[in-house]
Amino acid sequence: MATILFSGFLCLILLSARLSPVLPMQKPGICTFLSLLEMIGLLKMHSIYGMQLFEFVFFFNICDALNALKSNLADPNNVLQSWDPTLVNPCTWFHVTCNSDNSVTRVDLGNANLSGQLVPQLGQLQNLQYLELYSNNISGRIPNELGNLTNLVSLDLYLNILSGPIPDTLGKLQKLRFLRLNNNTLTGQIPMSLTTINTLQVLDLSTNQLTGPIPVNGSFQLFTPISFANNLLEALPVSPPPPLPPSNPTTSRVGNSATGAIAGGVAAGAALLFAAPAIALAWYRRRKPQDHFFDVPAEEDPEVHLGQLKRFSLRELQVATDNFSNKHILGRGGFGKVYKGRLADGSLVAVKRLKESVLKVESCSSKQK
């Protein structure tokens, strides 16, 4: 009897969430009423009456985290218009991706003209793998709670105005592959905990106000000074040159001119033997067009607007296609070759690389305009 009464009361509360009027400052909905239920202790009664309310609590945490982010951001372009707190399942919202278990795995809000600050509630998205908030006007500090996102694969917060230190808690993200915090105003030292992330493949901390030494141990051994450029960091120590092998002093002179002539002829023949393949290879390369790889600055080029599409760096595409290996070629066209690639998250993509001649034609035509 008590179970039936409690179920009816819960249904009444949820129905009231659907029909409640809009307040001047806040739009009440499922998140608000679930929070009220939690405050008065009704959500804990499921252990007494045997009711399975775990799903409601699960959606409450997700809804609370994303709604807190929306409330803390200014959205002049109404990118977050579909983030309706009256909908229990946020998997129906735009720019939010879920898996088959209705767990949020991606939040894609790059290049959305958002401003405001990040919220610590983001740490409640336990199954989040991709947090893409690049190219906005987000300010404030990076929440320490992001270190709770232990399934995170990519954290892209570059091209914002974030300040403060890099949280040491990010070292707990042991599945992280891509960490891009460049072009902000971050200060302090680089946390040594980041060097323990052995899965890290792409790191960019450039163009900030970081100070102190650059870590050179752990996963940081893979990264070049480009990842740390335009900061106030200490210069990397210069590695000493390798020692020269000891030279053996000559113990005897050439016996006679005949021996010298024979040695010279042998050396000349050997040089000609080794030089012939090199000459042939150079002649072949002059006839074969060379491959040139470079990043297209899509974010800065007004004629290339990616919108909500994912932007990939040259390094990511090289890793995905095994450095544009011929064994991954799917086909050829008038503008270039198409390669099969596998991204870091396991998804298959087709990558088209334009020919150098096409790029030169495009460049000339744009200059003529």
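The values are calculated or read from the model by the stated rules, or taken from the named source; none is laboratory data. This structure is a prediction, so every number in the text was calculated from the model and none was measured. Positions of Cβ are backbone-derived with ideal geometry, glycine not excepted, and every protein chain shown enters the neighbour counts. These area figures cover heavy atoms from the full protein model, side chains too; ligands, DNA and RNA do not enter into them. Shrake-Rupley method; radii C 1.70, N 1.55, O 1.52, S 1.80 Å.
Tabulated data for the structure shown
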quantity	calculated
Any hit, the stretch 152-159, residues being hydroxyl-bearing (Ser, Thr, Tyr), touching a strand residue (DSSP E or B) at 6+ places or on another chain (Cβ under 6 Å), part of a loop (DSSP other than H, G, I, E, B) and surrounded by 20 or more Cβ atoms within 10 Å (Cβ to Cβ)	yes
Matching residues, the stretch 181-191, being open to solvent by 20 Å² or more (accessible area, probe 1.4 Å) and not in a loop (DSSP other than H, G, I, E, B)	Thr185, Thr187, Gly188
Candidates Leu122, Leu133, Leu118 - the one that is out of contact with any Pro (no Cβ under 7 Å at 6 or more places or on another chain) and crowded, with 19+ Cβ neighbours inside 10 Å	Leu133
Pairs with Cβ under 7 Å, 6+ apart, first in the stretch 210-229 and closer than 17 Å to Gln174 by Cα and at pLDDT below 95, second part of a loop (DSSP other than H, G, I, E, B) and open to solvent by less than 30 Å² (accessible area, probe 1.4 Å)	Ser219/Ile197; Ser219/Leu200
Boolean, Leu205 is open to solvent by less than 20 Å² (accessible area, probe 1.4 Å) and under 16 Å from Asn231 (Cβ atoms)	yes
Subset of the stretch 160-176 [crowded, with 21+ Cβ neighbours inside 10 Å and in a loop (DSSP other than H, G, I, E, B)]	Asn160, Ile166, Leu173, Leu176
